Amino acid sequence: MVHLVLSKLSGLRLVPTAILAVTSRTTTSKHYDPKFKKLRKEKYLKIELPDYNEDTNSMPKEKLRQKMKERGMMPPRPWIERPFYISATGGVFEPYVPPEGDGKASLASATRAKQAVQLLEKKSKSMMAIRKIKTFDEDFDSKAFCQQAQDIYIKAHESLANNDKRALQLYVTEKAYQEFRHNSNLKTIKWKFLQSLEPPRVCHARCTDC
C-alpha cells in the first residue's frame, strides 16, 4: 500500500507556487479618520420637501392656512392690476399758439413783421415734420388728413353730446378723453355742427424726430 502511494507521488510534477497580491478597491463613504464623525454628521440637515402634486384647490382653508404657517409662507396676494394700453403721448409737441390779435396787425407795425418771421419759421418746421411723416407713411396726404380730422372732430363732439362713452373712445386719444369728459357727468350738452367758414388746412405739424 505504501509502495503504491509512493509510486503515484513520484509520477507527479511539483510546480513552484507563486503568491500574487492583488489590490482590491472598495467604494465607501466613510472618512478615513472617525475622530470627528459626530460633527460631520451634524453638518447635514434633513429637509422635508413639499408635495408639489398636492391639490390645494380642494383643500379646506383652515388646513391650507395651517400648512402655509408650518412652511413659513405668506398667503398669495390677489391680482388687482389692470392692463392698460398706450396709443398716444401724454402731451402735445410744441402746441399751436395762434398769433395775437388773430393775425390782424398792421402791415407797417413791428408786431406784424415779428409775426411774419415766426410764421415762416413755423411753416418750415411743419413742412419738415410732414416730410418726416411721409417717410413712415408714403400714402399720407395732408388734404385727405384735414377732411378726416374734421370728421373725427364732428363725431367726437356728437358722441360727447349723446353721452356715448364707447363711441367717444373710438375718436379721441387717452389724453383727450379725460379732457372731453371733465366736468360733464350728469349734464345735458347740446351740440350741432352747422357749417365750416373755410376748408380745413394743416397749420401746425410737429414730429419728435425732424
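Please treat every number below as a calculation from the coordinates, not as lab data. The model shown is predicted, which means the values in this text are computed figures rather than measured ones. Methodologically, a virtual Cβ is constructed for each residue, glycine included, from the backbone with ideal geometry; neighbour enumeration extends over all protein chains shown.
A few notes on this one:
- Separation of the ALA88 and THR173 label points, Cα + 7 Å toward Cβ, nm: 0.6 nm
- Residue-span extension gain [HIS204 to ASN163] - 0.36 nm each, minus C-alpha spacing: 11.7 nm
- Between GLN147 and ASN185, the FRET efficiency estimated from the beta carbon spacing at R0 = 35 angstrom works out to 0.60.
- Listed peptides 172-182, 133-143, 45-55 by packing density, highest first (mean Cβ within 10 Å): 172-182, 133-143, 45-55
- Cβ-Cβ FRET estimate between THR111 and LEU197, R0 fixed at 35 Å, reported to 0.05: 0.90
- Exposure proxy ranking for TRP79, TRP191, based on other Cβ atoms within 10 angstrom of each Cβ and starting from the fewest, stands as TRP79, TRP191.
- Within a straight-line Cα-Cα reach of under 28 Å, LYS35 can be paired with the following lysines, leaving aside sequence neighbours fewer than 8 residues apart in one chain: LYS43, LYS46.
- Neighbour counts of other Cβ atoms within 10 Å put VAL202, VAL92 in the fewest-to-most order VAL92, VAL202.
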